[in-house]
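Chemist: I have a structure here, written as structure tokens, and I will follow up with some questions on it.
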């Protein structure tokens, strides 16, 4: 088991790691749309989904994997009314169409609108 860490994605805001490599899998923690360069969060679901996808990508690349190797994602939305706009951005990044769960939650850290976690092959 190996901890994956990169400065190109936001650091953990709690007692957890950005990701773990186990056997040939990369398992990421949920990525909220925080810009790792300055800690800012963009406005709106499209911009937030874009940043969350970039954060997942950065972690996967740090582990020697890629978005094309993702086999499963779990997506969390603060408002299921954002589902279509979220999907539009998500589809541009997860072109291999991995298995996915997408659920609405009452609230997300820092008041963000979305969070994405992924499992990928190395």
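Chemist: If you take the residues in the stretch 17-39 that are closer than 15 Å to residue 122 by Cα and not in a strand (DSSP E or B), which one is farthest from the chain's Cα centre (by Cα)? Explain how you work it out, then say what you get.
Modeler: Residues of the stretch 17-39 closer than 15 Å to residue 122 by Cα: 19-28.
Subsequent filtering for residues that are not in a strand (DSSP E or B) retains 23-24.
Working: 23: 21, 24: 19 Å.
In this case the residue turns out to be 23.
Chemist: Is it the case, given these coordinates, that residue 15 is over 13 Å from residue 115 (Cβ atoms), surrounded by fewer than 18 Cβ atoms within 10 Å (Cβ to Cβ) and at pLDDT below 95? Write out each step before concluding.
Modeler: Details: over 13 Å from residue 115 (Cβ atoms): yes; surrounded by fewer than 18 Cβ atoms within 10 Å (Cβ to Cβ): yes; at pLDDT below 95: yes.
Judged against the criteria, residue 15 is a match.
Chemist: Name the single residue that is surrounded by the most Cβ atoms within 10 Å (Cβ to Cβ) among those in the stretch 28-39 being more than 13 Å from residue 98 (Cβ to Cβ) and in contact (Cβ under 8 Å) with a residue 40 or more places away in the chain. Break it down into steps so the answer makes sense when it comes.
Modeler: Filtering the stretch 28-39 down to residues more than 13 Å from residue 98 (Cβ to Cβ) leaves 29-39.
Going one step further and asking which of them are in contact (Cβ under 8 Å) with a residue 40 or more places away in the chain, we end up with 29-34.
Numbers: 29: 20, 30: 18, 31: 24, 32: 22, 33: 26, 34: 22.
Only one residue fits best here, namely 33.
The values are calculated or read from the model by the stated rules, or taken from the named source; none is laboratory data. Since we're looking at a predicted model, the values are computed, not measured. Don't worry about glycine lacking a Cβ; one is built from the backbone with ideal geometry, like all the others, and counts go over all protein chains shown.
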